[in-house]
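Contents: one structure, followed by commentary.
The values are calculated or read from the model by the stated rules, or taken from the named source; none is laboratory data. Computed from a predicted model, the values in this text were never measured in an experiment. Here the Cβ is made from the backbone with ideal geometry for all residues, glycine too, and neighbour counts use every protein chain on show. Side chains are part of the model used for accessible areas, which takes the heavy atoms of the whole protein and leaves out ligands, DNA and RNA. Shrake-Rupley method; radii C 1.70, N 1.55, O 1.52, S 1.80 Å.
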Amino acid sequence: VQLVESGGGLVQAGGSLRLSCAASGFTFSRYAMGWFRQAPGKERDVIATISGSGGSTTYADSVKGRFTISRNNARNTVYLQMNSLKPEDTAVYSCAAAYLAPPYNYWGQGTQVTVSS
């Protein structure tokens, strides 16, 4: 089983980034997926989730209206489109997979997102 995130980087406040998480080693469509982030000195928080079919999504209040989670089951990939980025969005972003529903079974290594003011 492998989850590999990509797309992180340095961006100015107000900018956008699109994160990808490529999955392998399991039946992707049967797994709910989540994006999490952890800033230095803070706990890891869930920021967006999506059901296996993609028909149901949830967002943390801090990102609602700015971030969009989506998935392509044919490509075994989940995405996080991040718009209107703020310095407080700076964190390591990780994806995770949960069989049908949480708790999450598999985790990626994470990708750094840094938003400059």
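Restricting to the range 1-37, give me the number of residues that are within 21 Å of residue 116 (Cα to Cα), open to solvent by 70 Å² or more (accessible area, probe 1.4 Å) and not hydrophobic (A, V, I, L, M, F, W, C).
The total comes to 2.
May I ask you to verify whether residue 40 is part of a loop (DSSP other than H, G, I, E, B), open to solvent by 30 Å² or more (accessible area, probe 1.4 Å) and closer than 21 Å to residue 1 by Cα?
Values: part of a loop (DSSP other than H, G, I, E, B): yes; open to solvent by 30 Å² or more (accessible area, probe 1.4 Å): yes; closer than 21 Å to residue 1 by Cα: no.
No: the conditions fail for residue 40.
Please go through the range 77-117 and pick out each residue that is surrounded by fewer than 18 Cβ atoms within 10 Å (Cβ to Cβ) and polar (S, T, N, Q).
The answer is 81, 83, 84, 105, 109, 112, 114, 116, 117.
Does residue 110 count as modelled with pLDDT of 95 or more, touching a strand residue (DSSP E or B) at 6+ places or on another chain (Cβ under 6 Å) and small (Gly, Ala, Ser)? Give the steps one after another, and end with the answer.
Working: modelled with pLDDT of 95 or more: yes; touching a strand residue (DSSP E or B) at 6+ places or on another chain (Cβ under 6 Å): yes; small (Gly, Ala, Ser): yes.
Yes, satisfied.
Within the range 53-61, identify whether any single residue is without any contact (Cβ under 8 Å) to a residue 24 or more places away in the chain, charged (D, E, K, R) and either open to solvent by less than 40 Å² (accessible area, probe 1.4 Å) or farther than 15 Å from residue 9 by Cβ (or both), and answer yes or no. Give the derivation first.
Initial filter on the range 53-61 (without any contact (Cβ under 8 Å) to a residue 24 or more places away in the chain): 54-61.
When the remaining residues are screened for being charged (D, E, K, R), the result is 61.
Of the ones still in play, those that are also either open to solvent by less than 40 Å² (accessible area, probe 1.4 Å) or farther than 15 Å from residue 9 by Cβ (or both) are 61.
Checked against the condition, which is being without any contact (Cβ under 8 Å) to a residue 24 or more places away in the chain, charged (D, E, K, R) and either open to solvent by less than 40 Å² (accessible area, probe 1.4 Å) or farther than 15 Å from residue 9 by Cβ (or both), the range 53-61 yields at least one hit.
Yes/no per residue for (1) within 12 Å of residue 36 (Cβ to Cβ); (2) out of contact with any Asp or Glu (no Cβ under 8 Å at 6 or more places or on another chain); (3) of a type in the set (Ser, Thr, Tyr); (4) not in a strand (DSSP E or B):
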position: 70; (1), (2), (3), (4): no, yes, yes, no
position: 85; (1), (2), (3), (4): no, yes, no, yes
position: 88; (1), (2), (3), (4): no, yes, no, yes
position: 104; (1), (2), (3), (4): yes, yes, yes, yes
